[in-house]
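The values are calculated or read from the model by the stated rules, or taken from the named source; none is laboratory data. Note that the coordinates shown come from a computational prediction; the quantities given were computed from them, not determined experimentally. Heads up, the Cβs are rebuilt from the backbone with ideal geometry, glycines too, and the neighbour counts pull from every protein chain shown.
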Amino acid sequence: MCETVNDNTYNYCVKDLKEGQSYNFKVTAINRCGPGSSLESLQPIKLLAKPSAPSGPLSISNITDSSAFIEWQAPQNDGGAQVEEYHLEYQLVDETTWIMCKTVNDNTYNYCVKDLKEGQSYNFKVTAINRCGPGSSLESLQPIKLLAKPSAPSGPLSISNITDSSAFIEWQAPQNDGGALVEEYHLEYQLVDETTWIMCETVNDNTYNYCVKDLKEGQSYNFKVTASNRCGPGSSLESLQPTKLLA
C-alpha cells in the first residue's frame, strides 16, 4: 500500500521507487462495504535509469604539449531515456580533483581538450547524462603524458679550429626529446660585450657540428645551441666560457 486518496481523485504520482526496476500497479475502490476488485496494470512498468558508461575504450590521440583529442562511443544502455549530453573531465595524475572541461551534445563523440600543461600526465573521463542525471564514467586506461620541448643538447659545447673569423662547434643530442623527435638545432652567437644573440644557422636533427663563419677578428664570443621539436625550442646549451678569435 503506497497511498489512499479520496473519491474525487483519479490519479497519483507514486514516488520513492527504485531506479531501473520494474513494477506492477493496482488501484482498488472502497465503499462502506469494503474494498472491491482491483484494476491492475496490463504489464510491468520499468522505471527510467541513468545511462551506462559511454562505450570504450576511451581513445586518446593527436597529443601535443597542451592538448589531447579524445573519442568515445554512445552507451550501450541509455537507461530508457535519451542521452542529452556528455560531460568531459580531466585530472592531473598527482592530484585528486577532476576538472570539468566541456559539455557536448548527445551527437558528439569526440573533443580536443586544450590548455593543458606541457609535459604533464593526465587522466580523462567522459560521462553520459540523461533526464535522470549522470551515469557511470568511461575513464582512460592509463595516464596520458603530454609532449614537451626538448631538454638542452648534451654538452659540454666543444669549440675548436678557432681562426681569425670562424670557430667549429660540436654538441650531442638532448637526453630528453620531450616525447617528440628533435627536428632541428638553432645555432647562435653573441659578442661578449653585447646582450644580443644572433642566429647564425639552423641545421637538421642529424647534424651535431657546425663551423660558424664571418666572425670578427680578435673578438670574444659566446655560442649556444638549442634543440627544437614540434612543440618548439627547448633549453639551450651554452659555451662554458667566451671564445677569443685569433688576430
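Annotations for the structure displayed:
- Here N123 fulfils each of the conditions (1) out of contact with any Ser or Thr (no Cβ under 6 Å at 6 or more places or on another chain); (2) part of a strand (DSSP E or B); (3) not hydrophobic (A, V, I, L, M, F, W, C) apart from (1).
- Members of region 168-185 that are within 14 Å of E238 (Cα to Cα) and surrounded by 18 or more Cβ atoms within 10 Å (Cβ to Cβ): I169, W171, P174, Y185
- Among (1) surrounded by 14 or more Cβ atoms within 10 Å (Cβ to Cβ); (2) in the same structural domain as E238 (by TED's automatic domain parsing); (3) of a type outside the set (S, T, N, Q), the one test that V126 misses: (2)
- Among residues of region 200-209 being part of a loop (DSSP other than H, G, I, E, B) and of a type in the set (S, T, N, Q), the one that is farthest from the chain's Cα centre (by Cα) is T207.
- Hits in region 12-70 - residues which are surrounded by fewer than 13 Cβ atoms within 10 Å (Cβ to Cβ), within 43 Å of the chain's Cα centre (by Cα) and charged (D, E, K, R): K15, D16, K18, E19, K46
- Pairs, first in the same structural domain as L58 (by TED's automatic domain parsing) and surrounded by 12 or more Cβ atoms within 10 Å (Cβ to Cβ) in region 95-111, second outside any strand (DSSP E or B) and of a type outside the set (F, W, Y), C-beta under 8 Å, six or more apart: D106/Q82; D106/V83; D106/E84
- Some residue of region 7-21 being in contact with a strand residue (DSSP E or B) (Cβ under 6 Å, 6 or more places away or on another chain) and not assigned by TED's automatic domain parsing to the domain that holds C132: no
- Among strands (runs of 3 or more DSSP E) entirely within region 1-86, having at least 3 residues that are among the hydroxyl-bearing types (S, T, Y) singles out 54-61.
- Restricting attention to region 131-160, the residues that are more than 15 Å from the chain's Cα centre (by Cα) and either in contact (Cβ under 8 Å) with a residue 60 or more places away in the chain or part of a loop (DSSP other than H, G, I, E, B) (or both) total 17.
- Candidate set from region 212-247 (those that are assigned to a loop (DSSP other than H, G, I, E, B) and polar (S, T, N, Q)); member that is farthest from I198 (Cα to Cα): Q241
- Residue within region 172-186 that is over 29 Å from K114 (Cβ atoms) and touching a residue at least 60 places away in the same chain (Cβ under 8 Å) present: no
- Here the condition is being under 24 Å from the mean Cα position of the chain (by Cα) and modelled with pLDDT of 95 or more; of N77, N110, it holds for N110 alone.
- Qualifying residue in region 133-147 (condition: under 30 Å from T207 (Cα atoms) and hydrophobic (A, V, I, L, M, F, W, C)): yes
- Residue list for region 210-247, restricted to those being of a type in the set (D, E) and under 42 Å from the mean Cα position of the chain (by Cα): E238
- Restricting region 161-199 to residues that are among the aliphatic types (A, V, I, L, M) and not in a strand (DSSP E or B), the residue that is farthest from I63 (Cα to Cα): I162
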